[in-house]
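Engineer: Take this structure first; my questions come after.
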2 protein chains.
Amino acid sequence: MTTSLRSTLDFLLYDWLQTETLNARERFADHSRETFDAVLDTCDRIAREKYAPFNRTVDTQEPHFDGERVTLPQATQDAYDAYAASGMLSAAQDYDIGGMQLPYTVDAAANAFFAVASISISSSLLSVGNANLLMVHGTDVQKQVFALNEFSGRFSGTMCLSEPQAGSSLSDVATRAVPDEAPSVAPDGLVPWDQDPLGPRYRLTGHKMWISSGEHDLSENIVHLVLAKIPGPDGKLVPGTRGISLFIVPKKLVDTEGQLTGVRNDVALAGLNHKLGWRGTTNTLLNFGEGKYPVQGRAGAVGYLVGQPGKGLACMFHMMNEARIGIGMAATMLGLAGYYASLDYAKNRPQGRLMGASGKDAGQPQVRIIEHADVKRMLLAQKSYGEGALALNLFCARLVDEQHTGQPEAADEARLLLEVLTPIAKSWPSEFCLEANSLAIQIHGGYGYTRDFPVEQYWRDNRLNMIHEGTHGIQAADLLGRKVLMENGRGMQLLAARMQATMAQAAAVPELAAYAAQLGDALQQVGAATQAAWATGNPAEALANAVPYMQAFGHTVLAWVWLDVALATLRVDATLSVAASAGRMGAARYFYHYELPKIAAWLNVVNGRDMTCAALSEEAF
Amino acid sequence: MTTSLRSTLDFLLYDWLQTETLNARERFADHSRETFDAVLDTCDRIAREKYAPFNRTVDTQEPHFDGERVTLPQATQDAYDAYAASGMLSAAQDYDIGGMQLPYTVDAAANAFFAVASISISSSLLSVGNANLLMVHGTDVQKQVFALNEFSGRFSGTMCLSEPQAGSSLSDVATRAVPDEAPSVAPDGLVPWDQDPLGPRYRLTGHKMWISSGEHDLSENIVHLVLAKIPGPDGKLVPGTRGISLFIVPKKLVDTEGQLTGVRNDVALAGLNHKLGWRGTTNTLLNFGEGKYPVQGRAGAVGYLVGQPGKGLACMFHMMNEARIGIGMAATMLGLAGYYASLDYAKNRPQGRLMGASGKDAGQPQVRIIEHADVKRMLLAQKSYGEGALALNLFCARLVDEQHTGQPEAADEARLLLEVLTPIAKSWPSEFCLEANSLAIQIHGGYGYTRDFPVEQYWRDNRLNMIHEGTHGIQAADLLGRKVLMENGRGMQLLAARMQATMAQAAAVPELAAYAAQLGDALQQVGAATQAAWATGNPAEALANAVPYMQAFGHTVLAWVWLDVALATLRVDATLSVAASAGRMGAARYFYHYELPKIAAWLNVVNGRDMTCAALSEEAF
């Protein structure tokens, strides 16, 4: 499995994205293909040793809560420790805080090995995102005390947005934060709430739902980043998202050196969610400030304000965008895990005979199922979904590097392209790599439906990705309602220009010219649908079919990615890897023959601002 | 849930299929809408009391095998007993063997209540199919001893086709059957093997995989119907499917009165399969004749030949066709179960605000999620898939009645239409009602991913249906490779004529005329694709894209069903049920706007006999 993945990553990183050219930039000057390869090698090895063998273990030994402590399999602790020891938590950080100054592109590629081995053990995503947020929005002390300890693995992190009654609707956050006036609980002595060295100190009360890694003993401490509202002078919460502030709420209180003070904060696990999959990671309902662990005799979870009051959501979005690309990568790697498993099965399982020109099969020898056309179709679909999604996600990672280290104009373009592509990078793999997992089950036949083979777990694990970090519907509304419109449509124009550049190259290659034309047509259709959706300027009409729009948009983006990957495939010396090149060209062809034509049906309803669903009365269902 | 289902069944049975007109036929002369309704009422009640409350129980308390006995939850026994007591096992049979002479259409509709309540408790399908096969192909004694005891519920039945090494490839069956020469084990004394009153007596040895209900104590005995090969004079098995014979292999030996003789037959449970879903039904690997339960001191499972040697597969196909329609119905009812659950959730869960013309939402009151356009889209898709599939399956059931009780010409047409429609009735719900279940999860958001709500189980349970009783790929090869060609394409022509008749009616209705034209176009496209696929006469080319062909064919059939249902909706007095009529018209519109346009992409590759997948070398994957 990891051999195939490694060769695909090598091609995408070096031949396609030319990641080595980043080394010309000052930040990455110490790096080379050798240092990149060393990181990939290390991650591949740790993932094979500490993750892959325990993927089924963490599924069957679900987290257990006895009312006081959460029990996880020993394998989870071992994997956590090995990952922290590898330095990957801080790989992209500056040297001066212990990082490797690794390009994010390589960081993302290296983390793919953990995701493909066991998606639900590898829950480091949130700790890194949490710490990254603090590096941007936190004070120096907050960075030192919380972020750096997350990068080292001493502490882990969560993001606490949703509440049981509000789900995706953040404007309805009801968690309250009031100044922690007296007596002081500052770890370093009596300090007024607004002079606490860790940040303005509040007491929080409320419930947070769907909190991944919300309770465990894997790390010394857990750093919760919590959205809450500070009541106005009338004691009421500001309606809408404007009133939301962001707080650091550690599970255990710490001093300004980051040492535990021995005082448990008033954050209690109300219960674990029992999930369909992704069971290696705890998912929790947390009660903040209910008084189970009173601090200095009083209920209320101690929290330190991050950034300005009322600006919490903007800070959190920083973390959410990273998380969304991370989810796209998770969905992608589950899709590829299923592909590798079903490819292996198809190569080894003998069954049936070839359909000869005569249509008769008796008497011929049995063949392995990879020789059947329909099995090949299901394999090529998976390859096309999984490797295409991987390319898109690495392209997005490359844009992150460009945004952070490129020249100002290029950095700004990268930022805007990322805005447009993030909903696709999250939603497309979540939908189509899930479909890939279903095909992997199908190839296994009855065996795929048993727990003796890994593919049913991939499918269950992957079903989460269309839900968390913004559902499919929310991604679609973000894309059509915000991203394609922002800055007068400049993001969309930038994306179109990138596609045009690829098409121009491909038009000159006989093998790809027809695909270039097909992509041009698709792009034109998406552009026309965008106009048609907004022709009346009424969001209720424009967004009624936002999901089919996103599906068509996503397929068009993936078609572009595959055309660009095909160009790179033809550019490299194909004699070096005849089979791999043939595979990539086959997957690209598959996408143009079988997939891209699907956009017409999706755009049909967008173009007509079809209100068949939206206008149907509730009673009619 | 069952209120909605009942009103949908009433509409489809009485207003659409006009099932009451069957009562003019002699076989059904004692029946009336009142007797039909009484059966529906009874099944609805038993399903609500004995099935629905235990659907999660049978999922969490998976069958357990301690090496001797299989343990199932008590609820499974209670459900089995209640079902047997209801008389539904023999409802369609003749009065003189204790049946009700109920039309199969009503029988299928009544069984829908059990399927929607708990698909995996309700595993009576195989017993009825098994007994039906014996009623057609068995001797009088075999009917009396085995079939009638299955209809009463005393015995239950299985079908044993697959083997661990062969799966779908029946020509590779390796189970051997040799005459049971001496000493005799005939229950009624010393009888030569070829004069046994229960049928020519053989000893079987071999392994059968994926046997549902293969071992349990729910009934007094289990009647296995087993495919095996009788060696030729040279001791070798005939290759291919021609050598296959069919045997009755009871778990416990019985006398000619059907009484247990106290002798256990040599059939042993080798192990239970641990599945992704459908856990209320045991699924087993059975060892025949390995000597664990020697009969008269010798290894070898005692089996009685059914029909002629070498003709076993033809007999078994009788059972398989029924089973395939049964699977379509199972998939359908899981799809509808998810629809009802997510509809209920959407009507009660408040979250978010409406997207006003201004695009702003703060300050407005929260709404229930059914008011969001994207949630309505996901609900209407489910309704359109589930109710459309239900209509198709009931239409097929009505064809069964026509085949059995119609005038000769109509009966023959029904037979041939069933041949063509069976792969669609099985495959289409398996694929699209599974998608419906995924949408039901999506509507629930994070809650849908937990085991606190039923939708994740529906999705897991439903994933089996694309696999068992002939995989998707096998249905597709059957459709394009056999069914549309048989009798010079007459089945396809009959289907087209039915569609044309619907279109002619719809063309005269302003509201439906455009859909009639759209369906005509789709039918023309499917016809052209059928021609194009076979243009070279090479099965390898024709069938390379059999699955996309089947998807397009299925969508076209469903579009026809919805157009016909829409006509019936307009025909009935809409004032009687304004909301239900609006719902059916909405679902029909949804299908034409959102679904039918998808066929172009599927047929694209069929028309081109696209070999992108089939021609890709194994090394390229």
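Engineer: Output the residues belonging to region A:253-270 that are at negative phi and among the small types (Gly, Ala, Ser).
Structural biologist: Initially, region A:253-270 is screened for residues at negative phi, giving A:253-257, A:259-261, A:263-270.
Across region A:253-270, the qualifying residues are A:268, A:270.
Engineer: Let me ask something else. Scan region A:1-29 for residues that are at pLDDT 95 or above, part of a helix (DSSP H, G or I) and among the small types (Gly, Ala, Ser) and report the count.
Structural biologist: Of all residues in region A:1-29, those at pLDDT 95 or above come to A:5-29.
Filter once more, so that each one left must be part of a helix (DSSP H, G or I): A:5-16, A:19-24, A:26-28.
Add one more test, that the residue is among the small types (Gly, Ala, Ser), and what stays is A:7, A:24.
Residues that pass the stated criteria total 2.
Engineer: Here is a follow-up. Taking the criterion of being among the β-branched types (Val, Ile, Thr), in contact (Cβ under 8 Å) with a residue 60 or more places away in the chain, open to solvent by less than 50 Å² (accessible area, probe 1.4 Å) and farther than 30 Å from residue A:376 by Cβ, would at least one residue in region B:520-543 satisfy it? Give the derivation first.
Structural biologist: Going through region B:520-543, the residues among the β-branched types (Val, Ile, Thr) turn out to be B:526, B:530, B:536.
Within this subset, residues satisfying the condition of being in contact (Cβ under 8 Å) with a residue 60 or more places away in the chain are B:526, B:536.
Filter again for open to solvent by less than 50 Å² (accessible area, probe 1.4 Å), leaving B:526.
From what's left, farther than 30 Å from residue A:376 by Cβ: none.
Scanning region B:520-543 turns up no residue that is among the β-branched types (Val, Ile, Thr), in contact (Cβ under 8 Å) with a residue 60 or more places away in the chain, open to solvent by less than 50 Å² (accessible area, probe 1.4 Å) and farther than 30 Å from residue A:376 by Cβ.
Engineer: Now, a different point. What residue, among those in region A:63-86 that are open to solvent by 50 Å² or more (accessible area, probe 1.4 Å) and in contact with a Gly (Cβ under 9 Å, 6 or more places away or on another chain), is nearest to residue A:451 (Cα to Cα)? Before you say what the answer is, go through the steps one by one.
Structural biologist: So the first thing to find is which residues in region A:63-86 are open to solvent by 50 Å² or more (accessible area, probe 1.4 Å), and the list is A:64-66, A:68-69, A:71, A:74, A:78, A:81, A:85.
Going one step further and asking which of them are in contact with a Gly (Cβ under 9 Å, 6 or more places away or on another chain), we end up with A:65, A:81, A:85.
Working: A:65: 25, A:81: 28, A:85: 32 Å.
Among those that are open to solvent by 50 Å² or more (accessible area, probe 1.4 Å) and in contact with a Gly (Cβ under 9 Å, 6 or more places away or on another chain), it is A:65.
Engineer: Do you know which residues across region B:219-236 are surrounded by fewer than 19 Cβ atoms within 10 Å (Cβ to Cβ) and not basic (Lys, Arg)? Steps first, answer last, please.
Structural biologist: To start, the set of residues in region B:219-236 that are surrounded by fewer than 19 Cβ atoms within 10 Å (Cβ to Cβ) comprises B:220, B:231-236.
Matches in region B:219-236: B:220, B:231, B:232, B:233, B:234, B:235.
Engineer: Could you go through region A:178-190 and let me know if any residue there is modelled with pLDDT of 90 or more and of a type in the set (S, T, N, Q).
Structural biologist: Pass one, region A:178-190, residues modelled with pLDDT of 90 or more: A:178-180.
Filter once more, so that each one left must be of a type in the set (S, T, N, Q): none.
Checked region A:178-190: no residue is modelled with pLDDT of 90 or more and of a type in the set (S, T, N, Q).
Engineer: For region B:538-611, which fully contained helices (runs of 4 or more DSSP H) count at least 3 residues that are more than 11 Å from chain A (Cβ to nearest Cβ) and closer than 20 Å to residue A:595 by Cα?
Structural biologist: Counting at least 3 such residues, we get B:546-571.
Engineer: Looking at (1) open to solvent by 30 Å² or more (accessible area, probe 1.4 Å); (2) under 26 Å from residue A:270 (Cα atoms), which is the one condition that is false for residue A:193?
Structural biologist: (2)
Engineer: Okay, moving on. Residues A:40, A:17, A:89: which one is more than 24 Å from residue A:391 (Cβ to Cβ) and either open to solvent by 10 Å² or more (accessible area, probe 1.4 Å) or within 23 Å of the chain's Cα centre (by Cα) (or both)?
Structural biologist: Values: A:40 fails: more than 24 Å from residue A:391 (Cβ to Cβ); A:17 fails: more than 24 Å from residue A:391 (Cβ to Cβ).
From the options A:40, A:17, A:89, the qualifying one is A:89.
Engineer: Quick one: would you say residue B:488 is assigned to a helix (DSSP H, G or I) and free of Cβ contacts under 8 Å to residues at least 24 places away in the same chain?
Structural biologist: Numbers: assigned to a helix (DSSP H, G or I): yes; free of Cβ contacts under 8 Å to residues at least 24 places away in the same chain: yes.
For residue B:488, the condition - assigned to a helix (DSSP H, G or I) and free of Cβ contacts under 8 Å to residues at least 24 places away in the same chain - is met.
Engineer: Tell me, which residue of region B:284-310 that is within 19 Å of residue B:156 (Cα to Cα) and in contact with a Leu (Cβ under 7 Å, 6 or more places away or on another chain) is nearest to the other protein chains (Cβ to nearest Cβ)? Break it down stepwise before answering.
Structural biologist: Step one: of region B:284-310, the residues within 19 Å of residue B:156 (Cα to Cα) are B:284-288, B:301-306.
Retained after the next criterion (residues that are in contact with a Leu (Cβ under 7 Å, 6 or more places away or on another chain)): B:284, B:286, B:288, B:301-304, B:306.
Numbers: B:284: 12, B:286: 14, B:288: 19, B:301: 22, B:302: 27, B:303: 24, B:304: 27, B:306: 23 Å.
Among those residues, the one meeting the criterion is B:284.
Engineer: What helices (runs of 4 or more DSSP H) completely inside region A:101-202 contain at least 1 residues that are in contact with a Lys or Arg (Cβ under 8 Å, 6 or more places away or on another chain)? Even if it seems obvious, please write down each step before you answer.
Structural biologist: Values: elements: A:104-117, A:125-137, A:148-152.
Fully inside region A:101-202 and qualifying: A:104-117, A:125-137.
Engineer: Turning to a different aspect of this structure: Somewhere in region A:165-179, is a residue closer than 19 Å to residue A:246 by Cα, touching a Phe, Trp or Tyr at 6+ places or on another chain (Cβ under 6 Å), within 14 Å of another protein chain (Cβ to nearest Cβ) and open to solvent by 10 Å² or more (accessible area, probe 1.4 Å)?
Structural biologist: Checked against the condition, which is being closer than 19 Å to residue A:246 by Cα, touching a Phe, Trp or Tyr at 6+ places or on another chain (Cβ under 6 Å), within 14 Å of another protein chain (Cβ to nearest Cβ) and open to solvent by 10 Å² or more (accessible area, probe 1.4 Å), region A:165-179 yields no hits at all.
Engineer: Does residue A:334 count as surrounded by 23 or more Cβ atoms within 10 Å (Cβ to Cβ) and modelled with pLDDT of 90 or more? Talk me through it step by step, then tell me what you get.
Structural biologist: Working: surrounded by 23 or more Cβ atoms within 10 Å (Cβ to Cβ): yes; modelled with pLDDT of 90 or more: yes.
Spelling it out, residue A:334 is indeed surrounded by 23 or more Cβ atoms within 10 Å (Cβ to Cβ) and modelled with pLDDT of 90 or more.
Engineer: Tell me which of these residue B:149 doesn't satisfy, since it passes every other one: (1) open to solvent by 10 Å² or more (accessible area, probe 1.4 Å); (2) under 14 Å from the mean Cα position of the chain (by Cα).
Structural biologist: The number of the failed condition is (2).
Engineer: For region A:466-501, which positions are away from chain B (no Cβ under 14 Å) and either open to solvent by less than 50 Å² (accessible area, probe 1.4 Å) or among the aromatic types (Phe, Trp, Tyr) (or both)? Before the answer, list the steps.
Structural biologist: Here is the first cut: in region A:466-501, the residues away from chain B (no Cβ under 14 Å) are A:483-484, A:487-501.
Scanning region A:466-501 gives A:483, A:484, A:489, A:491, A:492, A:494, A:495, A:496, A:499.
Engineer: In region B:237-276, which residue that is among the hydroxyl-bearing types (Ser, Thr, Tyr) and crowded, with 16+ Cβ neighbours inside 10 Å is farthest from the other protein chains (Cβ to nearest Cβ)? Break it down into steps so the answer makes sense when it comes.
Structural biologist: Step one: of region B:237-276, the residues among the hydroxyl-bearing types (Ser, Thr, Tyr) are B:241, B:245, B:256, B:261.
Still in the list and also crowded, with 16+ Cβ neighbours inside 10 Å: B:241, B:245.
Values: B:241: 7, B:245: 17 Å.
Among those that are among the hydroxyl-bearing types (Ser, Thr, Tyr) and crowded, with 16+ Cβ neighbours inside 10 Å, it is B:245.
For (1) touching an Asp or Glu at 6+ places or on another chain (Cβ under 9 Å); (2) over 17 Å from residue A:72 (Cα atoms); (3) of a type in the set (Ser, Thr, Tyr); (4) not assigned by TED's automatic domain parsing to the domain that holds residue A:57, each residue gets a yes or a no:
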| residue | (1), (2), (3), (4) |
| --- | --- |
| A:272 | yes, no, no, yes |
| A:275 | yes, no, no, yes |
| A:293 | yes, yes, yes, yes |
| A:317 | no, yes, no, yes |
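Engineer: Evaluate region A:215-227: report whether one residue or more is within 14 Å of chain B (Cβ to nearest Cβ) and assigned to a strand (DSSP E or B).
Structural biologist: So in region A:215-227, the residues within 14 Å of chain B (Cβ to nearest Cβ) come out as none.
Looking for residues that are within 14 Å of chain B (Cβ to nearest Cβ) and assigned to a strand (DSSP E or B), one finds none in region A:215-227, hence no.
Engineer: While we're on this one: When region A:43-62 is examined, which residues are found to be open to solvent by less than 40 Å² (accessible area, probe 1.4 Å) and either out of contact with any Phe, Trp or Tyr (no Cβ under 6 Å at 6 or more places or on another chain) or more than 21 Å from residue A:128 (Cβ to Cβ) (or both)?
Structural biologist: Start the filter on region A:43-62 by keeping residues that are open to solvent by less than 40 Å² (accessible area, probe 1.4 Å), which leaves A:43-44, A:46-47, A:51, A:55, A:57-59.
Those that are open to solvent by less than 40 Å² (accessible area, probe 1.4 Å) and either out of contact with any Phe, Trp or Tyr (no Cβ under 6 Å at 6 or more places or on another chain) or more than 21 Å from residue A:128 (Cβ to Cβ) (or both): A:46, A:55, A:57, A:58, A:59.
Engineer: Next question, about the same structure. Regarding residue B:157, is this residue touching a His at 6+ places or on another chain (Cβ under 8 Å), buried (at least 20 other Cβ atoms within 10 Å of the Cβ), away from chain A (no Cβ under 14 Å) and closer than 30 Å to residue B:53 by Cβ? Steps first, please.
Structural biologist: Values: touching a His at 6+ places or on another chain (Cβ under 8 Å): yes; buried (at least 20 other Cβ atoms within 10 Å of the Cβ): yes; away from chain A (no Cβ under 14 Å): yes; closer than 30 Å to residue B:53 by Cβ: yes.
Yes, satisfied.
Engineer: Could I ask something else about it? Can you tell me which of A:128, A:136 is of a type in the set (Val, Ile, Thr) and under 20 Å from residue A:469 (Cα atoms)? Walk me through it before giving the result.
Structural biologist: On the way: A:136 fails: under 20 Å from residue A:469 (Cα atoms).
When all the criteria are applied, what remains is A:128.
Engineer: Could you check region B:359-371 and list, in sequence order, the residues that are modelled with pLDDT under 85 and more than 8 Å from chain A (Cβ to nearest Cβ)? Quick ask: steps written out before the conclusion?
Structural biologist: Keep residues of region B:359-371 that are modelled with pLDDT under 85, which gives B:359-365.
Once the filter is applied, which keeps residues that are modelled with pLDDT under 85 and more than 8 Å from chain A (Cβ to nearest Cβ), region B:359-371 yields B:360, B:364, B:365.
Engineer: Then there is this: Taking region B:410-465 as the search range and keeping residues that are among the β-branched types (Val, Ile, Thr) and over 20 Å from residue B:335 (Cβ atoms), which one is nearest to the other protein chains (Cβ to nearest Cβ)?
Structural biologist: At the first step, the residues of region B:410-465 found to be among the β-branched types (Val, Ile, Thr) are B:420, B:422, B:424, B:441, B:443, B:450, B:455.
From what's left, over 20 Å from residue B:335 (Cβ atoms): B:420, B:450.
On the way: B:420: 19, B:450: 5 Å.
The residue in question is B:450.
The values are calculated or read from the model by the stated rules, or taken from the named source; none is laboratory data. Everything quoted here is computed from the prediction, not taken from an experiment. Note: ideal-geometry Cβ built from the backbone for every residue, glycine included; neighbour counts use all protein chains shown. Just so you know, the surface numbers come from the protein's heavy atoms only, side chains and all, with ligands and any DNA or RNA stripped out. Shrake-Rupley method; radii C 1.70, N 1.55, O 1.52, S 1.80 Å.
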